[in-house]
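In what follows, a single structure is set out as structure tokens and then discussed.
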Amino acid sequence: MFQINAEDILLIYCVLILALLAGLWLYNELKRAKPKSDLSMERLCRCKNCSHIYLISRYETMSRCPQCNDLNHVTDRTRI
Ligand SMILES: [Zn+2]
């Protein structure tokens, strides 16, 4: 017959609580990792200095490259 004592019940309880907390943490991390940008309001831009491609707002006329920190004047040539 299968016997279970108080220590085993406490251990199972602690493991279940930790699994629940780990699941909630993982759910929160996955929920937070989703991109929140609206791509219809953004365009791709290529840096004239380092050729890094990054997102800018559709209405931006000047942007700073996130890689080399160079200021780019956004024209139709720099938009992709
Ligand atoms: Zn750059």
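FYI, it's all coordinate maths here, none of it is from the lab. Everything numeric here is computed off the predicted structure, so don't read it as measured data. Virtual Cβ from ideal backbone geometry, glycine too; neighbours counted across all protein chains shown.
Relative to the dominant Cα principal axis of the chain, helix 6-33 is inclined by about 10°. Computed over all pairs of different Cα atoms, the Kirkwood value for the hydrodynamic radius of the chain is 16.9 Å. Here the gap between L21 and S51, fully extended at 0.36 nm per residue and compared with their Cα-Cα distance, gives a gain of 6.4 nm. Add +1 for every Lys or Arg and -1 for every Asp or Glu among the other residues with Cβ under 14 Å from the Cβ of C14, and state the total. It works out to a net charge of -2. Here the simple spin-label model places points 7 Å from the Cα toward Cβ, and for K34 and C68 these points are separated by 3.6 nm.
With +1 on the Cβ of every Lys and Arg and -1 on the Cβ of every Asp and Glu, and nothing else charged, how large is the dipole of the chain about its Cα centre, in debye rounded to the nearest 20?
700 debye
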